[in-house]
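**Q** Quick one: the structure is below, questions incoming.
Where a number appears in this text, it was derived from the coordinates with a stated rule and is not lab data. Quick caveat, the model's predicted, so the values are computed rather than measured. For neighbour counting, all protein chains shown are included, and Cβ atoms are generated from backbone atoms with ideal geometry for every residue, glycine included.
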Amino acid sequence: MDRTESKHVFVIGLDDFNLAELQTVRNADEYEFHGLVDYDTMVHPPSYPMDAILAEARETLANAPAVDAIIGHWDFPTTSMLPILRREWGLPTPSLESVLYCENKYWNRLAGQEAVPECTPAFQGLDPYSDDPVGDLNMAYPFWLKPSVAFSSYLGFRIDDEQQYLQAMATIRDNIHVFAEPFDNILQYSANRAALPDHGSGATCIAEGLISGRLCTLEGYVHKGEVVVYAIVDSLRASNNVSFFSYQYPSHLPVGVRNRMISYADTILRHIGMDQSPFNMEFFWDEATDRLWLLEINPRISKSHCPIFQIATGASHHEVAIDIALGRKPNFPRNEGRFPIAGKFMPRVFGDTVVTRVPSREGIETLQKQHPELVVHVAVNEGDRLSTLRAQDSYSYEIADIFIGADSESALHDKFRHIMEVLDFRFSDVVPTNYN
């Protein structure tokens, strides 16, 4: 193909790993992928200077030979930048307002209360800067407390009593600005502010009643008003029932349960006005009561699932994001994978310590000769103290990501344990993990 005919696809925060995943999509040779604002600026920086970030993105796009699509797979603020930039370049896009309903957990619960109250837990918005946080609280202990705008369980705490509540509020108050300030900056771009709640901002907290059960993620898209769920991925948690252990595809949930989740997804996405966007949506199924609980909505594909789909279906679901951004209805997934079951495993350490050994590149490559589908992301270096790692949940430290496939779920878990034994991470202290 003449390269002048290629579609120019700009990817916010593009890194080498996701570039490789993008290149697995069907007809990848018809696309030229370009980075739009670098990875370090968009992923885990100390702050998000949105005016400068958007100015840099606009300059890159203005100097491009063509702009056919703009996509992104990172959380806020990437997801909120997409509708702003797409609107400015006349590209297919969801409304900014529908995306902000997903970004702000408090607003999302308000929408759930209106559209799907039967699967919306008890919740309350709270001001972290209040002079009387205890007097403001109307939730009974225990509950979850988190900022309205954040990701990866950042500043999320289980609260069992008043002392924990006050300590968590103090921690959130000192750090909530990291996401609150860019959220309030992006809010100024809303073309229909009246469509959003008139209370709560990026600096709001949310208290939520505890929900539990078997967790899964619906992967889907909305195209010209049609809501399509093309995959459901099970999320397994560690023994603390908080930290993720693995994501596995396909789901083992009963068909009837999955269909009910899809119906709820359709209802709430129509309620918030979402269109022309991929999404992923997390639900709990409480098996004992047969109750479904909506956990959250993300207006993007899950990047954590990209290699899973590549292993199990033959292509990353970046393909969905590209098609939707180009205004096309996706044709995904296809049964072209190497294994019928695939998973992402997240080896974790439950306790602070120093890393004394990480696997070598040669050691990983030797494992990949035995397991050609294997992808390993090492998240730590020798000498790292785990408590200094960024973007961890409040109860564990994730040291790597392991993507593998197998013929059955038991074989998948056996393969994971074998791989971790060979990788042989070591620490200065004896600490519990989720893999030995």
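**Q** Straight-line reach from K7: which aspartates and glutamates have Cα under 18 Å away, leaving out those fewer than 8 places along the same chain?
**A** E21, D29, E30, E32, D68, E319, D323
**Q** Once R0 is set to 35 Å, what does the formula 1/(1 + (r/R0)^6) return for the Cβ-Cβ distance between S239 and V134, expressed as a FRET efficiency to the nearest 0.05?
**A** 0.65
**Q** With N set to the number of residues, divide the alpha-carbon radius of gyration of the stretch 341-427 by 2.2 N^0.38 Å and report two decimals.
**A** That ratio works out to 1.10.
**Q** Ok, one more. Compute the FRET efficiency between A66 and D198 as 1/(1 + (r/R0)^6), taking r as their Cβ-Cβ distance and R0 = 51 Å, and round to the nearest 0.05.
**A** Calculated transfer efficiency: 0.80.
**Q** Going Cα to Cα from K105, which lysines come in below 18 Å? Please leave out same-chain ones fewer than 8 positions away.
**A** In chain and number order, the partners are K146.
**Q** Dividing the alpha-carbon Rg of the stretch 279-402 by 2.2 N^0.38 Å yields what? Present the calculation step by step, with values, prior to reporting the outcome.
**A** Working: Rg = 18.0 Å, N = 124, 2.2 N^0.38 = 13.7 Å.
Taking N as the residue count of the stretch 279-402, the ratio is 1.31.
**Q** Under a 5 Å amide H to amide H cut-off, with H placed in plane at 1.01 Å, what residues pair with A400 once short-range neighbours are removed?
**A** Long-range HN contacts for A400: A379.
**Q** Okay, moving on. Can you work out ³J(HN,Hα) from phi for every residue in the stretch 347-358, in order, using Karplus 6.51 cos²θ - 1.76 cosθ + 1.60 and θ = phi - 60°, giving whole Hz and x for Gly and Pro?
**A** Ordered by residue, 3J(HN,Hα) equals x, 10, 10, 9, x, 7, 6, 10, 6, 10, 8, 10 Hz.
**Q** Now for a different question. Only counting other Cβ atoms within 10 Å, I'd like Y129, Y165 sorted with the fewest neighbours first.
**A** Taking fewest neighbouring Cβ atoms as first place, the list is Y129, Y165.
**Q** Another question, if that's okay. Output the Kirkwood hydrodynamic radius of the stretch 26-88, Cα pairs only, in Å rounded to one decimal. Don't skip to the end; give the middle numbers.
**A** Details: mean 1/r = 0.0787 Å⁻¹.
Final number for the Kirkwood radius of the stretch 26-88 is 12.7 Å.
**Q** Turning to a different aspect of this structure: With a cut-off of 19 Å, note down the residues of the stretch 257-276 whose backbone N falls inside the zone around a label point 7 Å from the Cα of E118 toward its beta carbon.
**A** Label zone hits: 257-272.
**Q** At 222 nm, what value in deg cm²/dmol follows for the chain if DSSP H runs of at least 4 each add -39500 (n - 2.57) and the sum is divided by all its residues, to the nearest 500?
**A** -9500 deg cm²/dmol
**Q** Just grab the label-to-label distance for T388 and D174, each label 7 Å out from Cα along the Cβ direction, in nm (one decimal).
**A** 1.8 nm
**Q** Which order do the peptides 88-98, 60-70 come out in when sorted by mean C-beta neighbours inside 10 angstrom, highest first? Each step should come with its number before you reach the end.
**A** Numbers: 88-98: 19.5, 60-70: 15.7.
Highest to lowest by the protection proxy: 88-98, 60-70.
**Q** Follow-up question, since we're still on this one. Take each of the peptides 244-251, 33-40, average the number of other beta-carbon atoms within 10 Å over its residues, and list them starting from the highest.
**A** Order by mean packing, descending: 244-251, 33-40.
**Q** At 7 Å along the Cα-to-beta-carbon direction for both H34 and H8, put a label point, then send me their distance in nm to one decimal.
**A** Modelled inter-label distance: 0.4 nm.
**Q** A follow-up question, please. With viscosity set to 1.567 mPa s at 4 °C, what whole-number translational diffusion coefficient in µm²/s follows for the stretch 73-123 from Stokes-Einstein and a Kirkwood radius over Cα pairs?
**A** 108 µm²/s
**Q** Taking the Cα atoms of the chain, what is the range of coordinates along each of the three principal axes, in descending order and whole Å?
**A** In descending order, the Cα extents are 60, 56, 45 Å.
**Q** Quick check on packing: order 277-288, 310-321 by the mean number of other C-beta atoms within 10 Å, highest mean leading. Can you show the working numbers first?
**A** Details: 277-288: 20.8, 310-321: 25.2.
Sorting 277-288, 310-321 by mean packing, highest first, produces 310-321, 277-288.
**Q** Something else: Return the distance in nm (one decimal) between the two label points of a simple spin-label model at N381 and R357, each offset 7 Å from Cα along Cα→Cβ.
**A** Inter-label distance under the simple model: 2.1 nm.
**Q** Now a separate question. List, in order, the whole-Hz ³J(HN,Hα) value for each residue of the stretch 56-67 obtained from phi through the Karplus relation with A = 6.51, B = -1.76, C = 1.60 and θ = phi - 60°; use x for Gly and Pro.
**A** 5, 4, 4, 5, 4, 5, 5, 9, 7, x, 6, 10
**Q** Report, ordered by chain and residue number, the lysines lying within cross-link reach of K344, taken as a straight Cα distance under 22 Å and ignoring same-chain residues fewer than 8 apart.
**A** List returned: K303, K369, K415.
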